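Novice: Got a structure here, written out as structure tokens. Questions coming.
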Amino acid sequence: MNISEIENMASFMRRKIIDISYECGVTAHLGGGLSMVDIMAVLYGHILRFDKKDPRWEDRDRFILSKGHGVLGYYPALLAAGIISEEVFKTFKANGSDLIAHPVMNLDLGIESSNGSLGQGLSMGIGIALAARRKTRMFKTYIYLGDGECNEGSVWEAAMLAGQLKLSSLTAIIDHNGLQSDGESNQIIDNSNIAERFASFGWDVVSIDGHNVPEIVAAFDQRFQTGKPKAIIARTVKGKGISFMENDNAWHHNRLTRKTYDEALECLGVPATAEG
Amino acid sequence: MMEINKRNARQWSRLGSRGVFGLALTDAAADHADLMALSADLGNSSGLGRFQAMYPDQFLNTGIAEQNMIGVAGGLAKEGYNVFATSFAPFIAMRASEQVRMNLGYMELNVKAVAIGSGIVMGLLGNSHYGIEDVSVMRSIPNLTVVSPADCAEIVKTVEAAARFKGPMYIRLTGGPDNPSVYTEDYDFEFGKAITLREGRDIAIIACGTMVYQSLEAAKELAAQGIDATVVNMHTLKPLDTATLDKALEGTRAVITVEEHSTIGGLGSAVSEYLAPKRERPPHLSIGLPDKFVKAGQYQHMLDELGLLGPNIAQSIGSFMHSLDMPISA
């Protein structure tokens, strides 16, 4: 995909997020899902190698949503990529659905792992990347973390080991939106120097604007120093694209009413009279 | 393949649980290229020194970071490896409990979490290193098979079977060097199939880990007192072999569970969970570790203090039978 196609994909995903959040009729992690959209569009539109007809393809790149509550940024990407069908997508948060508030491992749906307990994805990523190295396979492993998630000590256990093992096929994306469940990260555990932290653990780090598609593409495409795992620190806006949600933590986990749904569509440039 | 015979059993017994675990895993690695061993900086303590030397590519020290170790094991398992991840019981079953829950339980990844030094064998190292609650925690996680081998020969059997077994498992090693032997010749071992070592008409003793040997000793003493005991080696705590249990309980006057684990949540609990709903069931005495952090001491001293050697197990059973007003005379 080229830049404008990726941007279109991101717009498509935002619309899907708003639709599905309203249609599911219950609360959803809107803020942290919306902050992911542009990066996820780049990943699924341009970077990741996969076969939508065969999600189990052995040489697919592995993607793990370590910030498991970010499914609203994830399922629409799987939909846009053609890995899951509209029919499956529509089951979001229905009783017994495969698509609930945190990913449940399901390779047929392109979901590599079960998450929801923060701080575990990077460890699994190390295991996967090590397996690739041992088997001399070329696939790459991408782990998507939240900045709040990086409060978890286990993230740093993994960060240390990945640096030590020089796992250059491993890339961590840190969704640095500066907010976590209870408020502003810098009031809770200040992570403004998160790039330096990863660098000091032996990672190759690049900091980018996580909503600037060309910048995101460049970060993924850029050749990093070989022999180091890569960390992309993406400065993002929680709730990005829906003005009344942006940087408002009330939308960390919330429910759309008919009124807020219409307002959200308006933010996306969709007429408020659109069919729900 | 490691042959179980008198000579090897004697040698393994001297070497102890951890050493034999390491030998068996090294032996298994020869036949299983997909086998990997992970340690959170306790490779030597886990008896894996030789494994590291012989199969450096199949070994990884994750550093002193058990949570990460289990996650890394999960990732490797996801990509087709059969991963044995080892540490002391509390560090793997409790510190990394949630990683075990997500990776081994929820995702059913092919990881064998191996707890070395479980029970109270860590002696003077104290309660920080004891495994007194590990079965309770691991047994309650869905999808996990929980195994507690009776002696060094059964550790060999367990490792061989686990190297072939595809699925998540918690393996609990009890006992130390000079581990008494239950088995001195080869026998059929299958996860989930308990082994009746002795048949008696009066009572049934169900034991696991080190307590299998002690229960056999107790049964000898009881026999001298005219109490004829069945002894079952319930090496797999989950899934519990209820068929063998049913058979052992036929016509029995009491069931006694014996384990080197807290009486909360372990073998005793598993057996009582099974028996509780039954209309006809024998009285149940649960022998194990008390619900407290005990004063530390040398292992043998502690087993004695806590009533977990053959003679004091026999005594507890005798008193129990009296308390039930069911003394048995020959």
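The values are calculated or read from the model by the stated rules, or taken from the named source; none is laboratory data. Please read all numbers here as calculations on a predicted model, not as lab measurements. Positions of Cβ are generated from backbone atoms using ideal geometry, with glycine treated the same way; all protein chains shown enter the neighbour counts.
Novice: Within the bounds of the stretch B:168-185, is there any residue that is in contact with a strand residue (DSSP E or B) (Cβ under 7 Å, 6 or more places away or on another chain), assigned to a loop (DSSP other than H, G, I, E, B), more than 25 Å from B:I70 (Cα to Cα) and among the charged types (D, E, K, R)?
Specialist: no
Novice: A further question on this structure: Any idea which of A:V206, A:V237 is outside any helix (DSSP H, G or I), under 22 Å from A:I17 (Cβ atoms) and away from every other protein chain (no Cβ under 14 Å)?
Specialist: Among A:V206, A:V237, only A:V237 is outside any helix (DSSP H, G or I), under 22 Å from A:I17 (Cβ atoms) and away from every other protein chain (no Cβ under 14 Å).
Novice: Give B:L240, B:L222 a once-over and let me know the one that is closer than 27 Å to B:D178 by Cα and either surrounded by 19 or more Cβ atoms within 10 Å (Cβ to Cβ) or in contact (Cβ under 8 Å) with a residue 12 or more places away in the chain (or both).
Specialist: On inspection, the qualifying residue turns out to be B:L222.
Novice: Which residues, taken from the stretch A:180-196, are in contact with a His (Cβ under 9 Å, 6 or more places away or on another chain) and assigned to a helix (DSSP H, G or I)?
Specialist: Passing the criteria: A:S185, A:I194, A:A195.
Novice: Also: Does the stretch B:116-135 contain at least one residue that is surrounded by 24 or more Cβ atoms within 10 Å (Cβ to Cβ), assigned to a helix (DSSP H, G or I) and under 17 Å from the mean Cα position of the chain (by Cα)? Lay out the reasoning, then the answer.
Specialist: Going residue by residue through the stretch B:116-135, those that are surrounded by 24 or more Cβ atoms within 10 Å (Cβ to Cβ) are B:116-121, B:130-132, B:134-135.
Checking the rest, the ones that are also assigned to a helix (DSSP H, G or I) come to B:134-135.
This time we only want the ones that are under 17 Å from the mean Cα position of the chain (by Cα), so: B:134-135.
Yes, some residue in the stretch B:116-135 is surrounded by 24 or more Cβ atoms within 10 Å (Cβ to Cβ), assigned to a helix (DSSP H, G or I) and under 17 Å from the mean Cα position of the chain (by Cα).
Novice: Residues that are β-branched (V, I, T): list the helices (runs of 4 or more DSSP H) wholly contained in the stretch B:2-114 that include at least 2 such residues. It would help to see each step written out before you state the result.
Specialist: Values: elements: B:6-15, B:17-31, B:49-54, B:66-78.
Answer list for the stretch B:2-114: B:17-31, B:66-78.
Novice: Looking at the stretch B:136-150, is at least one residue of a type outside the set (A, V, I, L, M) and within 14 Å of another protein chain (Cβ to nearest Cβ)?
Specialist: yes
Novice: Shifting gears a bit: Select from the stretch B:37-63 the residues that are surrounded by 20 or more Cβ atoms within 10 Å (Cβ to Cβ) and among the polar types (S, T, N, Q) and write down the one among them that is nearest to the other protein chains (Cβ to nearest Cβ).
Specialist: Ranking the candidates gives B:T62 first.
Novice: Please determine whether any residue of the stretch A:250-269 is modelled with pLDDT of 95 or more, surrounded by 16 or more Cβ atoms within 10 Å (Cβ to Cβ) and within 18 Å of the chain's Cα centre (by Cα).
Specialist: There is no residue in the stretch A:250-269 that is modelled with pLDDT of 95 or more, surrounded by 16 or more Cβ atoms within 10 Å (Cβ to Cβ) and within 18 Å of the chain's Cα centre (by Cα).
Novice: Is it fair to say A:Q180 is surrounded by fewer than 24 Cβ atoms within 10 Å (Cβ to Cβ), within 18 Å of B:A40 (Cβ to Cβ) and polar (S, T, N, Q)? Reasoning before the result, please.
Specialist: Values: surrounded by fewer than 24 Cβ atoms within 10 Å (Cβ to Cβ): yes; within 18 Å of B:A40 (Cβ to Cβ): no; polar (S, T, N, Q): yes.
Criteria not met by A:Q180.
Novice: Now, a different point. Considering each of B:I195, B:I141 in turn, give the residue that is more than 25 Å from B:D228 (Cα to Cα) and either of a type in the set (A, V, I, L, M) or at pLDDT 95 or above (or both).
Specialist: Unique residue meeting the criteria: B:I141.
Novice: Is there any pair linking a residue in the stretch B:167-190 that is over 25 Å from B:V83 (Cβ atoms) to one that is of a type in the set (S, T, N, Q), with Cβ under 6 Å and at least six apart or on different chains, and which?
Specialist: Cβ pairs passing all conditions: B:N179/B:S13; B:N179/B:S17; B:S181/B:S13.
Novice: Ok, one more. Within the stretch B:174-197, can one find any residue that is farther than 25 Å from B:I4 by Cα and surrounded by fewer than 20 Cβ atoms within 10 Å (Cβ to Cβ)?
Specialist: Checking the stretch B:174-197: not a single residue is farther than 25 Å from B:I4 by Cα and surrounded by fewer than 20 Cβ atoms within 10 Å (Cβ to Cβ).
Novice: Does the stretch A:79-101 contain any residue that is within 14 Å of another protein chain (Cβ to nearest Cβ), within 18 Å of A:G148 (Cβ to Cβ) and assigned to a loop (DSSP other than H, G, I, E, B)?
Specialist: For the stretch A:79-101, residues within 14 Å of another protein chain (Cβ to nearest Cβ), within 18 Å of A:G148 (Cβ to Cβ) and assigned to a loop (DSSP other than H, G, I, E, B): absent.
Novice: Somewhere in the stretch A:106-113, is a residue within 12 Å of chain B (Cβ to nearest Cβ), outside any helix (DSSP H, G or I) and surrounded by fewer than 18 Cβ atoms within 10 Å (Cβ to Cβ)?
Specialist: Looking for residues that are within 12 Å of chain B (Cβ to nearest Cβ), outside any helix (DSSP H, G or I) and surrounded by fewer than 18 Cβ atoms within 10 Å (Cβ to Cβ), one finds at least one in the stretch A:106-113, hence yes.
Novice: Suppose we filter A:D19, A:D51 for residues that are surrounded by fewer than 24 Cβ atoms within 10 Å (Cβ to Cβ), farther than 23 Å from A:S169 by Cβ and of a type in the set (D, E); which single one remains?
Specialist: Working: A:D51 fails: farther than 23 Å from A:S169 by Cβ.
Only one candidate qualifies: A:D19.
Novice: Here is a follow-up. Would you be able to tell me the number of residues in the stretch A:115-162 that are assigned to a loop (DSSP other than H, G, I, E, B), crowded, with 24+ Cβ neighbours inside 10 Å and within 7 Å of another protein chain (Cβ to nearest Cβ)?
Specialist: Total satisfying the criteria: 1.
Novice: Starting from the stretch A:165-181, take each residue that is touching a residue at least 12 places away in the same chain (Cβ under 8 Å) and within 21 Å of A:R133 (Cβ to Cβ) and list its partners that are buried (at least 24 other Cβ atoms within 10 Å of the Cβ) and among the basic types (K, R), counting only C-beta distances under 8 angstrom and pairs at least six apart or across chains.
Specialist: Pairs found: A:S168/A:K230; A:L170/A:K230; A:T171/A:K230; A:A172/A:K230.
Novice: Let me ask something else about it. Could you look through the stretch B:67-119, keep only residues that are of a type in the set (V, I, T) and closer than 26 Å to A:F139 by Cβ, and pick out the one that is farthest from the other protein chains (Cβ to nearest Cβ)?
Specialist: Selected residue: B:V111.
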